[in-house]
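Written below as structure tokens is the structure these notes are about.
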Amino acid sequence: MSHSDEASPASAAKLPNEAVVYLKHLWGLVPGRKVPVFQVHTAQQGPVDDWTEPELTLAVEEGRRQLDRLFGDVERIRTRAQFLFTTCLGFLVVIFAGRTTMMNAKGNMAMALWSLALTLSGFGLLGSASVIVASKDLRAVDTVLLTSTDRPILPALVESYGRCVQDSTNTVATQLTVFRDAAWLVLVGIVVYGLAWLTAVV
């Protein structure tokens, strides 16, 4: 996970569909690869030049709370992805253990379903792994850079927190989407494997 300062450009990009996002996230398993995110937080920041100091302070405090919540959301998604990864790994062992039954079945349907279940579960495993280890574009205000900001500091700090919240929201939404898709792939893989088993033994 990487915490970038607020001055970095947002990497959010509108993508055609979830399948594209999912496949691109698999590249996140390669060290140094950046993964794209959905642009879900599209609101533009308004001017804060005429805000009072209490209003600016309130906005900064709210920005801190939002970032803390977003960072917590990422950790919760990662924990769930770790559980899904372990579950999927065990299920793949079960699938491989049943290959002899599928090979001895009459016709090709059982083997075709077995192969589909293996493929779906494999993609689910890779998706959950990408959620665990892929670099995440979470923004944080860099206090070192803040010291070189022209005074007054509060308006610049409010704008910085706004950019951090926007980029981190995009990241959390994308991670949640990839995790959900991985879970669905594994669930469908389990159902397909069940059908393959019934086809082979009936």
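Read-outs throughout are calculated quantities, based only on the coordinates presented, and are distinct from any laboratory measurement. The model shown is predicted, which means the values in this text are computed figures rather than measured ones. Cβ placement follows ideal geometry from the backbone for every residue including glycine, while neighbour counts extend to all protein chains displayed.
Using the alpha carbons of the stretch 52-201, what is the convex hull volume per residue in cubic angstrom, as a whole number?
Working: hull volume 14.4 nm³, N = 150.
Enclosed volume per residue, from the Cα hull, is 96 Å³.
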For the pair ASN17 and THR79, what calculated FRET efficiency results from E = 1/(1 + (r/R0)^6), where r is the Cβ-Cβ distance and R0 = 35 Å, to the nearest 0.05? 0.85
